[in-house]
Amino acid sequence: MNIILCDKEGYAITNFKKNELNDKVGEETVLIDVGTDNNISKINAKNVLLNIIVDVENLNDKQKEKVIRNIIKIRNSCKRKNIKFGIELNDKIVIANFSNELTESYKNNEIFVALNVLLYDNIGEKYNYLYGKLCDYLDDKFYNNNLCEFRDNVCLAKRNNGAVMGCCHYYKNKYLGVFLPSKFVLCKYNKDGKCTIRCLQCKLFTCDELRKKGIKYTVNNVVLIKVFFNLLQKLIIRISIFTPQEQVVKRLLMTR
Ligand code: SF4
Ligand code: SF4
């Protein structure tokens with residue numbers, strides 16, 4: 001696997017060792033090694049190609065955040081200086097090389113997603129892509145690892161406290177709900193036990209039982225939310241429960 005298509009059409013990343021990569025890069029291109037600690041003040045070339053030298057699949061969240069912030073700095077610096085980002089190879093624009101071997105899980109890796117985010121010039125497309133990838137990321141964490149420990153369709157929290165309803169129900173009356181148990185209703189987006197929309201805040205939700213196990217997702221600990229959204233946008237995500245993607249993205253665009 002040497003050339004990997006990006007999610008954005010026409011772009012790719014490569015997976016060559018640095019010595020293999022040197023043969024493919026012309027004299028006008030500068031290879032920038034990107035790690036967790038970079039000094040990028042002296043870029044001066046016609047083209048740059050990022051060479052991600054860290055093992056992206058084995059970094060912790062802090063390290064991933066640093067790599068992404070470095071990539072953004074380099075990208076912005078290139079834009080300012082009118083330096084072309086990437087090189088042409090096999091009819092694609094290659095924007096980066098990952099010099100460590102990748103497995104299939106690269107598709108949901110935050111660094112791969114961040115590189116794709118930077119390719120979108122249309123801000124609406126960019127936010128829709130990012131929002132979708134964040135939902136995929138959280139679905140992957142919750143479902144593939146069965147964090148809620150579902151057994152016979154009953155989750156960990158319901159088993160432990162005997163409750164018959166879980167995450168997708170809420171009190172119709174915000175203030176008196178606890179005193180009016182019959183007003184505890186199923187979310188209108190839940191059909192046949194499945195959510196029919198993509199609501200990021202619902203996907204971030206972790207109940208007390210999960211928190212006791214040390215599992216907690218918030219707008220302040222998911223790397224891609226931390227890096228790409230401002231304070232107001234994080235607040236928008238937090239308050240947008242039971243809300244479809246289209247509406248949340250609209251609110252995010254208004255507060256960027
Ligand atoms: S977050 Fe808690 S209440 Fe919701 S499904 Fe998971 S274990 Fe159940
Ligand atoms: S929007 Fe949220 S509460 Fe409603 S069904 Fe989907 S996950 Fe459940």
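Overview of values
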item: Residue in segment 131-138 that is within 16 Å of ligand 2 (Cβ to nearest atom), within 18 Å of the chain's Cα centre (by Cα), among the acidic types (D, E) and surrounded by fewer than 16 Cβ atoms within 10 Å (Cβ to Cβ) present; result: yes
item: Verdict on V223 being modelled with pLDDT of 95 or more, within 16 Å of ligand 2 (Cβ to nearest atom) and β-branched (V, I, T); result: no
item: Residue within segment 37-54 that is surrounded by 15 or more Cβ atoms within 10 Å (Cβ to Cβ), within 20 Å of Q233 (Cβ to Cβ) and within 19 Å of the chain's Cα centre (by Cα) present; result: no
item: Check on K141, within 11 Å of the chain's Cα centre (by Cα), under 27 Å from N15 (Cα atoms) and surrounded by fewer than 18 Cβ atoms within 10 Å (Cβ to Cβ); result: no
item: Flag for V219 being in contact with a helix residue (DSSP H, G or I) (Cβ under 7 Å, 6 or more places away or on another chain) and assigned to a loop (DSSP other than H, G, I, E, B); result: yes
item: Tally of residues being assigned to a loop (DSSP other than H, G, I, E, B), of a type in the set (D, E, K, R) and either surrounded by fewer than 18 Cβ atoms within 10 Å (Cβ to Cβ) or more than 16 Å from ligand 2 (Cβ to nearest atom) (or both) across segment 191-216; result: 3
item: Residue in segment 52-66 that is of a type in the set (A, V, I, L, M, F, W, C) and modelled with pLDDT under 90 present; result: no
item: Qualifying residue in segment 172-180 (condition: modelled with pLDDT under 85, within 10 Å of ligand 2 (Cβ to nearest atom), more than 17 Å from L138 (Cβ to Cβ) and more than 26 Å from the chain's Cα centre (by Cα)); result: no
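Listed here are the residues, each with its yes/no results for (1) in contact with a His (Cβ under 9 Å, 6 or more places away or on another chain); (2) away from ligand 1 (no atom under 16 Å from the Cβ); (3) closer than 25 Å to T206 by Cβ.
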{"residue": "V67", "(1), (2), (3)": "no, yes, no"}
{"residue": "I71", "(1), (2), (3)": "no, yes, no"}
{"residue": "N90", "(1), (2), (3)": "no, yes, no"}
{"residue": "I93", "(1), (2), (3)": "no, yes, no"}
{"residue": "N97", "(1), (2), (3)": "no, yes, no"}
{"residue": "S105", "(1), (2), (3)": "no, yes, yes"}
{"residue": "L130", "(1), (2), (3)": "no, yes, yes"}
{"residue": "D140", "(1), (2), (3)": "no, no, yes"}
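The values are calculated or read from the model by the stated rules, or taken from the named source; none is laboratory data. Quantities reported herein were computed from a predicted structural model and do not represent experimental measurements. Positions of Cβ are backbone-derived with ideal geometry, glycine not excepted, and every protein chain shown enters the neighbour counts.
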